[in-house]
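Below is one structure, written out as structure tokens, with a few remarks after it.
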Amino acid sequence: MAADGSALLPGRHEPLPPRADWPGLYRAMLTTRLLDDRMLKLQRQGRVAFVGAATGLEAAIHGSAAAFTAEDWVFSALREGGAAVQRGMPLEQYVAHMFGNAEDTAKGRQMPNHFQCREVNFVSWSSVIGTQLPQAVGAALAFARRGEPRVVCAYSGDGATSSNGFHSALNFAGVLRAPVVFVVIDNGWAISVPSSKQTAARSYGAKAAAYGMPGTDVDGNDVLACYRAVKEAADRARAGGGPSLVALRSYRLLGHSSSDDPSRYRDEREVEHWRRRDPLDRFAALLEAEGLLDAAGREAMAAEVRGRITEAVARAEQVGPPPLETLVEDVYAEPPRHLRRQVIEALRVVAEHGEAEAVAGRFPL
Amino acid sequence: MTELTLVQAVNDGLKTKMREDETVLVLGEDVGPKGGVFLATEGLTAEFGEERCFDTPLSEDGIIGVGIGLALNGMKPVCEIQFQDFIFPAFDQIVSEAAKFRYRSGGMYTVPMVIRTPYGGGIRGGLYHSQSGEAYFCHTPGLKVVVPSTPADAKGLLISAIEDPDPVLFLEPKALYRSFRQEVPEGIWRVPLSTVREVRPGDDAVVFCYGAMVPVCERAAERIAEARGAAVRVVDLRTLLPLDEEAVIAAARACGRVVVVHEAPRFCGYGAEISALIAEHAIDAMEAPVVRVTGFDTPFPNTLEHYYLPDARRVVDALERVLDYE
């Protein structure tokens, strides 16, 4: 689409999502933006410990996620939690995880922004960069071995392209022709390290050639372009054509996280340049030009989404932390005796000496 | 003398050594203009240039492997691993390479490098920003493992580590980075490796600890002193490998009652080594079984981390048990 979203540019556009789905795609992007806004507010109030916002990356995340079916699997990185919501994860689950409370499906073990949802095939992520990528290849291989027409979406950021996992994953996927799409969301900065210092390659998409797979570089702020490139790759994988790499060039408008101060390492003018290319504004302009959603419609949509977020937050604040006994659950299928003893011992100490005091420290980045 | 926090003392140690020795280099993720996520390397690129303090691509394996190469060829790299939890992609380079170069080459090639990394809980970092992995590395002959607990020790041990001819893993207790200030000597200041520090005197019982557990154990010892007048000695081990075994045995023998405290899981944790050392060399002087206060044998949690981490409450409980044992 045009840089200002005023129209589709001339040329080939297919595959595109059905026009009737475009307002829904915008709604997914808007939901992520509004969730991040609310979580950042809660973080500043000390009610949520950490937020890794996707602000500025909504087109890349949601355009790419829309290219997969409900049966496909998604391995995400830090900022693609909105894709789980787009795929049907309840907002209440999203918010409960941000609070790490007793309703968090991960039982409050992970930092915020480490989403999972089996119902929508969205796999749990660690914070260790690039580790999910070879795992995504294995999951894709399982689909292929069983003859199922399903593929895997493997997200990573620009920084992860330097990891061991990235190399192993692309090499294995190429050799094994695994039905996987590597979606690199290049947001320009790996915390404080710019993409220019991350690789000397011409582009992230160019790396695909060395692994014997197609690679493309796409305007990551054009939601329809993101969809098209990733859909082509997913269709190819589904048809037995093997893996692809799609690099979506976008920009992280905020800090690495709620605690990062990006003014220490990047120029505010660069941020301003990208702020004027906000992917939500751009898609909103196209939807308006196409007569699919006007300003009033957008306002109504935002009010409705905000209301749902408010409800989910209100609920999360009523829920306490997971009980102490959960500490030793899920280490193994069944807690071994030594772990059962340790939790009994912890309960004894609480009974005799009182509860533990909350930690004083704060997350630094 | 200047009053510094622990992280400022690390920064001061790096600057001091870099001014004195041009072969000292700093590399890692975000160590350049940002100054590291905890600001331990703040101002280094500005003062010494990108040649001597530089951001690397995001690969711990690369950081350590390149560090080894620099060390083999006459430089003194100080590699930063952003969180100890992220060190495992570099495990091979540390354990198979850095730790074994001297031995496998009969002393022909050596790796005088330092790997700095923040470890431990207390910042609501969840299971990938809170771990205490010292036991993995203490099981690796050829490495040295150092854990400061005060600003003065952080600077003095870091300078000794940089000057050491062998690879040193320097574990920084992130929970103590800004928790208090202390006077730190200016200029070159060395604290010898493989020496312990007596934090608090006493001979009714002794607590062996290190890193972020040191102030926790001090608080527990104070509470015991107030509650029952017992004098509990607190010993900061500060170099875990090679350990000053004689000092540990002597303190155990002098007190006869021992508690060992660490954040890491208990099973095969560092406390097991201390317990074994005492069983082998001081059992005849023991008046109570050794008690360990540790993290749970689980991954590190997030919401419940304050129950996972040993606190003064749990150390007091352990001290009561060893003091009351007859």
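The values are calculated or read from the model by the stated rules, or taken from the named source; none is laboratory data. Since this is a predicted model, take the numbers as computed values, not measurements. Positions of Cβ are generated from backbone atoms using ideal geometry, with glycine treated the same way; all protein chains shown enter the neighbour counts. Each accessible area value is taken on the protein alone, full model and side chains, heavy atoms only, with ligands, DNA and RNA left out. Shrake-Rupley method; radii C 1.70, N 1.55, O 1.52, S 1.80 Å.
Details
- Matching residues in segment A:213-260 - criterion: being of a type in the set (Lys, Arg) and open to solvent by less than 20 Å² (accessible area, probe 1.4 Å): A:Arg252
- For segment A:199-224, taking the residues that are under 23 Å from the mean Cα position of the chain (by Cα) and hydroxyl-bearing (Ser, Thr, Tyr), the one that is nearest to A:Ala2 (Cα to Cα) is identified as A:Thr216.
- Restricting attention to segment A:35-63 and to residues that are open to solvent by 20 Å² or more (accessible area, probe 1.4 Å), in contact (Cβ under 8 Å) with a residue 40 or more places away in the chain and of a type outside the set (Lys, Arg), the residue that is nearest to A:Ser127 (Cα to Cα) turns out to be A:Ala49.
- Residues located in segment A:124-139, provided they are of a type in the set (A, V, I, L, M, F, W, C) and more than 8 Å from chain B (Cβ to nearest Cβ): A:Trp125, A:Leu133, A:Ala136, A:Val137, A:Ala139
- The single condition from (1) under 21 Å from A:Ile344 (Cα atoms); (2) in contact with a strand residue (DSSP E or B) (Cβ under 9 Å, 6 or more places away or on another chain); (3) in a helix (DSSP H, G or I); (4) within 14 Å of chain A (Cβ to nearest Cβ) that B:His306 fails is (2).
- For segment B:83-116, the candidate set comprises residues that are among the hydroxyl-bearing types (Ser, Thr, Tyr) and free of Cβ contacts under 8 Å to residues at least 24 places away in the same chain; within that set, the residue that is nearest to B:Pro167 (Cα to Cα) is B:Ser96.
- All conditions but one from (1) under 20 Å from B:Leu193 (Cβ atoms); (2) free of Cβ contacts under 8 Å to residues at least 40 places away in the same chain apply to B:Cys79; the one that does not is (2).
- Residues that are open to solvent by 10 Å² or more (accessible area, probe 1.4 Å) and farther than 20 Å from A:Leu347 by Cβ within segment B:309-325 comprise B:Leu323, B:Asp324, B:Tyr325, listed in sequence order.
- In segment B:90-109, the residues that are open to solvent by less than 40 Å² (accessible area, probe 1.4 Å) and closer than 23 Å to B:Asp30 by Cβ: B:Ala90, B:Ile94, B:Ala98
- All positions within segment B:126-140 that are in contact with an Asp or Glu (Cβ under 6 Å, 6 or more places away or on another chain) and open to solvent by 30 Å² or more (accessible area, probe 1.4 Å): B:Tyr128, B:Gln131
- Residue list for segment A:96-144, restricted to those being more than 17 Å from the chain's Cα centre (by Cα) and on the phi > 0 side of the Ramachandran plot: A:Gly100, A:Lys107, A:Gly108
- Restricting B:Gly211, B:Gly187 to residues that are small (Gly, Ala, Ser), at pLDDT 95 or above and surrounded by fewer than 17 Cβ atoms within 10 Å (Cβ to Cβ) narrows the list to B:Gly187.
- Qualifying positions in segment B:103-132 - under 13 Å from the mean Cα position of the chain (by Cα) and under 22 Å from B:Asp61 (Cβ atoms): B:Val114, B:Ile115, B:Arg116, B:Thr117, B:Pro118, B:Tyr119, B:Gln131, B:Ser132
- Residue satisfying all of: in segment A:325-342; part of a helix (DSSP H, G or I) and more than 8 Å from chain B (Cβ to nearest Cβ); least open to solvent (accessible area, probe 1.4 Å) among these: A:Glu325
- Residue within segment A:140-161 that is within 11 Å of chain B (Cβ to nearest Cβ), open to solvent by less than 10 Å² (accessible area, probe 1.4 Å) and of a type in the set (D, E, K, R) present: yes
- Note on segment A:225-268: among residues that are small (Gly, Ala, Ser) and within 14 Å of chain B (Cβ to nearest Cβ), the one that is farthest from A:Thr55 (Cα to Cα) is A:Ser263.
- Restricted to segment B:273-303, and to residues there that are part of a loop (DSSP other than H, G, I, E, B) and within 14 Å of chain A (Cβ to nearest Cβ), the residue that is farthest from A:Arg47 (Cα to Cα) is B:Asp297.
- Qualifying strands (runs of 3 or more DSSP E) (wholly inside segment B:50-157; at least 3 residues being away from chain A (no Cβ under 14 Å) and under 26 Å from B:Ile274 (Cα atoms)): B:114-119, B:144-146
- Within segment B:1-33, the residues that satisfy the criterion of being open to solvent by 20 Å² or more (accessible area, probe 1.4 Å) and in a loop (DSSP other than H, G, I, E, B) are B:Met1, B:Asp21, B:Glu22, B:Thr23, B:Pro33.
- Any hit, segment B:117-125, residues being open to solvent by less than 30 Å² (accessible area, probe 1.4 Å) and either of a type in the set (D, E, K, R) or without any contact (Cβ under 8 Å) to a residue 24 or more places away in the chain (or both): no
- Exactly one residue among A:Ala356, A:Ala312 is within 12 Å of chain B (Cβ to nearest Cβ) and either among the polar types (S, T, N, Q) or buried (at least 18 other Cβ atoms within 10 Å of the Cβ) (or both), and that residue is A:Ala356.
- Any hit, segment A:206-221, residues being in a helix (DSSP H, G or I) and within 14 Å of chain B (Cβ to nearest Cβ): yes
- Residue list for segment B:238-268, restricted to those being in a loop (DSSP other than H, G, I, E, B), surrounded by 24 or more Cβ atoms within 10 Å (Cβ to Cβ) and over 19 Å from the mean Cα position of the chain (by Cα): B:Arg257
- Scope segment B:14-50; condition basic (Lys, Arg) and touching a residue at least 40 places away in the same chain (Cβ under 8 Å); matching residues: B:Lys17
- Residue check, B:Leu304 within 25 Å of A:Pro322 (Cβ to Cβ) and either without any contact (Cβ under 8 Å) to a residue 12 or more places away in the chain or surrounded by fewer than 17 Cβ atoms within 10 Å (Cβ to Cβ) (or both): yes
- Residue match in segment B:47-62 (condition: under 20 Å from the mean Cα position of the chain (by Cα) and more than 20 Å from B:Ile188 (Cα to Cα)): yes
- Selection over segment B:217-237 of residues that are among the aliphatic types (A, V, I, L, M) and crowded, with 24+ Cβ neighbours inside 10 Å gives a count of 6.
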